[in-house]
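*Asks:* Pasting a structure here, questions to come.
What follows draws every value from the coordinates through simple rules; no lab data is involved. Everything numeric here is computed off the predicted structure, so don't read it as measured data. A quick note on method: Cβ atoms are made from the backbone with ideal geometry, for glycine too, and the neighbour counts reach across all protein chains shown.
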Amino acid sequence: MTKKIETSDAGKNALTRTSKPPAKIFYVITLLIPILFFLLLETGLRLFNYGYDYTQWVNPAKGLYVLNPDIAHKYFHDIQGVPYSIGDIFDEVKKPNAFRIFVLGESSGAGYPYLPIGSFSRYLQQRLSLVYPESKIEVVNCSMTAINSYTLRDLTPGILHEKPDVILIYAGHNEYYGALGVGSLESFGTSRTLINVVIYLEQFKTFQLLRNVIGSATGLLAGSRQLPSGTLMSRMAQDQYIGLNSSVYKNGVEQFKGNIHDIMEMASENHVPVIFGTLACNLKDQYPFVSVEEHGLPPAGKIFEQAQQAFEKEEWHNADSLFRYAKDLDALRFRAPTEINSVIVDIAKEFHSSVVDIDSAFEAASPGHIVGDNLMTDHIHPTLHGYQYMGSLFYDEMERRGLRPKSTPLNLDDQQQDSMTIVNFPFTMIDSVVGRYRIKLLKNDWPYISKKNKIPDAAVLQPRDHIDSIAFDLVEDKINWDLAHRKAAQWYLSKNDITSFLHEMDVLISQYPIVVEYYDDAANLLLKKQEYDKAYYYLSKRNQMEPGAFSTKWLGIINLYKHQAGPAEKYLNQSIAFDRNDSQVWYDLAGVYVEEKNYHKALEMTDKALALSPHYADALALRTTLQNALK
């Protein structure tokens, strides 16, 4: 017999309550738990400074910005010795009279092998500063070795945020082997969307931790492996040969096209003009690195030899076509294929932008109208003259489009501007030697020679004198760039070669304009030599950067020496505000009032000098003279 179970109303209500679905708050909490976990993890990792901070701009000094030296780690993970930019600084807050240019590029954009001061951007900085002295010229070069359009695309939003007046782009040679390119050691696929998402996620410390954990686990499973040696681009290429019109070749072109198109869309939305440069390379004097026979195409070496024969017969047009075809057939894509220049021109047309045809301009300046060692140090990097010529071409295009400072220019014609820029270009013997040494080391490595034929650096470079030895230490990473120039400056000073000493100081100042010690070193020496006009230049520059007792004192003294009482009084009073215990300043201020025939004031200043230095002979003599004059 089944017994009926009856339930009270209270029991029914309890059953009803327990059978209801969970409240929405529980779903929200369930979703929030992992989010809170990652937020706490991210916060903790930041507190403990885990990984890298990829803030695009950092402060080398108060009120100034420079591209973050660590930012290349965002794109390079399996390579030691990542690159960095040439360190151009600019104001954190753009000044009303500022004209601001940003440069995007790769090693030839950065000025290799004359890093950090040989780039075309430095020519622009010098020439614009010469022609528009009333404007604050800021040329910020963000180019780096072994990067490609992925890096340029990632840097663009941060650049646009800093209110550029124009962006210049010279890039494309590294599209295959540069960081994250389709043929690179750092590559992890051909999906542009995926790679750009990964680059975006790199800013989060949690993502960096996850990537490092996976990388460590993969390394343990794979066992130890020997990292490739040699130059950065030789390590990045990883022996990857890419035939003309192969799928990898086409992926590289599409990669470049997509990333550059994204850059132009961002620039267009922000109404920032962009000027491209077509890519030039060594055609006549660079034998193809790798010849292959595939897809029914001839080997690059055979076409190159035909080009040489045509050149010897002075069949210039035919030779040019053959040299370009040989370059495009070269299966080691260290030189951009012709199609990359076509992409640059097409995208520029789409966005009504400008293109400086550097390729054609270099041709026109070359024997037989074919670029070779006359303008190139190696396969793609121009000579110093080549970089300066590039700078003049970009300058001319900016002038043509009216992209220039608003202040009144000096009355100089183009030839005068160019010649004065080149004559005063901050570049010394040590920069020349370093450039030559870097190219020798580049050509003592794959792909110029086989790895087994590589010889020791010292045997390749063979330093002959003291400057060569300093340059050798620099390219061997035993000293850094600024120490190399300081050593050279001291060596010239020890030989009493003041002109060369000042050239070294000028180069240091051009690279590090915020380091006041360089101005002080130059001014001190010139003051000892009684070269007051030259000293005044460095003192004035230093005083604009960071006024102090020393600079204001000597600016005042030199003005007094020139019988310019007004400026002398201003600077000497400023010096006293920094340091009231310098008896010489009080004495010189007395000299100002003597110039103005204010003898009572002069006597007052003399007494203050003697209060600090009772045996100050010149002050004692001046007081006696003033007392007699006032009787």
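*Asks:* With a Förster radius of 35 Å, plug the Cβ-Cβ distance of VAL423 and GLN564 into 1/(1 + (r/R0)^6) and report the FRET value to the nearest 0.05.
*Replies:* FRET efficiency, VAL423 to GLN564: 0.75.
*Asks:* If you don't mind, another one. Which of the listed residues, LEU622, VAL516, ALA535, is farthest toward the dipole's positive end in the range 478-631, when Lys, Arg count +1 and Asp, Glu count -1 at the beta-carbon?
*Replies:* Most positive-ward Cα: LEU622.
*Asks:* Answer with one residue from SER268, PRO288, ALA361: the one whose Cα lies farthest towards the positive end of the charge dipole of the chain, charges on Cβ with Lys, Arg +1 and Asp, Glu -1.
*Replies:* The listed residue farthest towards the positive side: SER268.
*Asks:* Still on this structure: State, to one decimal in nm, how far the label point of ILE35 lies from the label point of LYS95, with both points 7 Å from Cα in the Cβ direction.
*Replies:* 4.6 nm
*Asks:* If you don't mind, another one. Can you compute the radius of gyration and Dmax for the range 431-629, using only the Cα atoms, both in Å?
*Replies:* Cα-based Rg and Dmax for the range 431-629 come out at 24.7, 89 Å.
*Asks:* Shifting gears a bit: Could you pull out which residues in the range 275-306 have an amide N less than 19 Å from a spot 7 Å beyond the Cα of HIS369, following the Cα-Cβ vector?
*Replies:* Backbone N within reach: 278-285.
*Asks:* Placing +1 at every Lys and Arg Cβ and -1 at every Asp and Glu Cβ, with all other atoms neutral, what dipole size does the chain have around its Cα centre, in debye to the nearest 20?
*Replies:* Here the size comes out at about 2140 debye.
*Asks:* Oh, and also: Could you give the longest part of the chain that holds none of the chymotrypsin sites (Phe, Trp or Tyr not before Pro) found in DSSP loops with at most 12 neighbouring Cβ atoms within 10 Å?
*Replies:* 189-631
*Asks:* Which ³J(HN,Hα) values, rounded to whole Hz and listed in residue order, are derived for the range 443-455 from phi using the Karplus coefficients 6.51, -1.76 and 1.60 in 6.51 cos²θ - 1.76 cosθ + 1.60 with θ = phi - 60°, glycine and proline given as x?
*Replies:* 7, 9, 8, 4, x, 5, 9, 6, 4, 6, 8, 5, 10
*Asks:* What trypsin sites (Lys or Arg not before Pro) does the range 119-226 have in DSSP loop regions with at most 13 other beta carbons within 10 Å?
*Replies:* Within the range 119-226, the qualifying trypsin sites (Lys or Arg not before Pro) (loop, at most 13 other Cβ atoms within 10 Å) are ARG225.
*Asks:* Taking +1 at the Cβ of each Lys and Arg and -1 at the Cβ of each Asp and Glu, which of THR428, SER500, ILE86 sits farthest along the dipole of the chain towards its positive end, judged by Cα position relative to the Cα centre?
*Replies:* About the Cα centre, the residue reaching furthest to the positive side is ILE86.
*Asks:* What is the fewest-to-most order of MET420, MET605 by other Cβ atoms lying within 10 Å of their Cβ?
*Replies:* MET420, MET605
*Asks:* When DSSP beta bridges are limited to those with both residues in the chain, what percentage is antiparallel, rounded to the nearest 5?
*Replies:* 25 percent
*Asks:* Which of the lysines could a cross-linker span from LYS302 if the Cα-Cα distance has to be under 30 Å and same-chain partners fewer than 8 positions apart are dropped?
*Replies:* LYS250, LYS284, LYS313, LYS327, LYS440, LYS443, LYS451, LYS452, LYS454
*Asks:* Show the residues, 5+ positions off or on another chain, whose built amide H is closer than 5 Å to the amide H of LEU168.
*Replies:* The answer is PHE102, VAL103, LEU104, ILE275.
*Asks:* Output ³J(HN,Hα) for the range 323-340: one whole-Hz value per residue in order, computed from phi by the Karplus curve 6.51 cos²θ - 1.76 cosθ + 1.60 with θ = phi - 60°, and x for Gly and Pro.
*Replies:* Result, rounded to whole Hz: 4, 5, 5, 4, 5, 5, 7, 4, 7, 9, 8, 8, 10, 4, x, 4, 4, 5.
*Asks:* Between ASP477 and SER432, what is the FRET efficiency for a Förster distance of 22 Å, r being their Cβ-Cβ separation, to the nearest 0.05?
*Replies:* Once rounded, the FRET efficiency stands at 0.70.
*Asks:* Among (1) 1.12; (2) 1.22; (3) 0.95, only one was calculated for this model; which label is it, if the read-out is Rg/Rh (Cα atoms, Kirkwood Rh)?
*Replies:* The calculated read-out lines up with (1).
*Asks:* With +1 assigned to the C-beta of every Lys and Arg and -1 to the C-beta of every Asp and Glu, and no other charges, what is the dipole magnitude of the range 576-616 about the Cα centre in debye, to the nearest 20?
*Replies:* 100 debye
*Asks:* From the backbone phi of the range 110-125, what are the Karplus-calculated ³J(HN,Hα) couplings (6.51 cos²θ - 1.76 cosθ + 1.60, θ = phi - 60°) in whole Hz, Gly and Pro given as x?
*Replies:* 7, x, 4, x, 9, 4, x, 10, x, 6, 5, 5, 5, 4, 4, 4
*Asks:* Assigning unit charges at the beta carbon (Lys, Arg +1; Asp, Glu -1) and nothing else, what dipole magnitude in debye, to the nearest 20, does the range 431-629 show about its Cα centre?
*Replies:* Computed charge dipole of the range 431-629: roughly 580 debye.
*Asks:* Dividing the Cα radius of gyration by the Kirkwood radius, what Rg/Rh value follows for the range 71-213?
*Replies:* That ratio is 1.01, to two decimals.
*Asks:* Tell me, what is the percent relative contact order of the chain, built from C-alpha pairs under 8 Å that lie six or more residues apart?
*Replies:* Taking the mean separation of contacting Cα pairs over the length of the chain, I get 11 percent.
*Asks:* For the range 247-356, how big is Rg over Rh, using alpha carbon atoms and the Kirkwood form of Rh?
*Replies:* With Rh from the inverse mean 1/r over Cα pairs, Rg/Rh is 1.07.
*Asks:* Considering Cα pairs under 8 angstrom that are at least six residues apart, work out the relative contact order of the range 431-629 and quote it in whole percent.
*Replies:* 9 percent
*Asks:* If contacts are Cα pairs under 8 angstrom and at least 6 residues apart, what is the relative contact order of the range 32-126 in percent?
*Replies:* Over the range 32-126, the number comes to 17 percent.
*Asks:* Let me ask something else about it. Which far-off residues, 5 or more places away or on another chain, put their amide H under 5 Å from the one on ARG333, with H placed in the peptide plane?
*Replies:* ILE242
*Asks:* Can you give the Rg and Dmax of the range 341-473 based on its C-alpha atoms, in angstrom?
*Replies:* My reading of the Cα-based Rg and Dmax gives 19.4, 59 Å.
*Asks:* Quick query: amide H of PHE99 versus all other amide H atoms, modeled in the peptide plane; which residues come in under 5 Å with a sequence gap of 5 or more or a different chain?
*Replies:* Hits under the 5 Å cutoff: LYS136, ILE137, GLU138.
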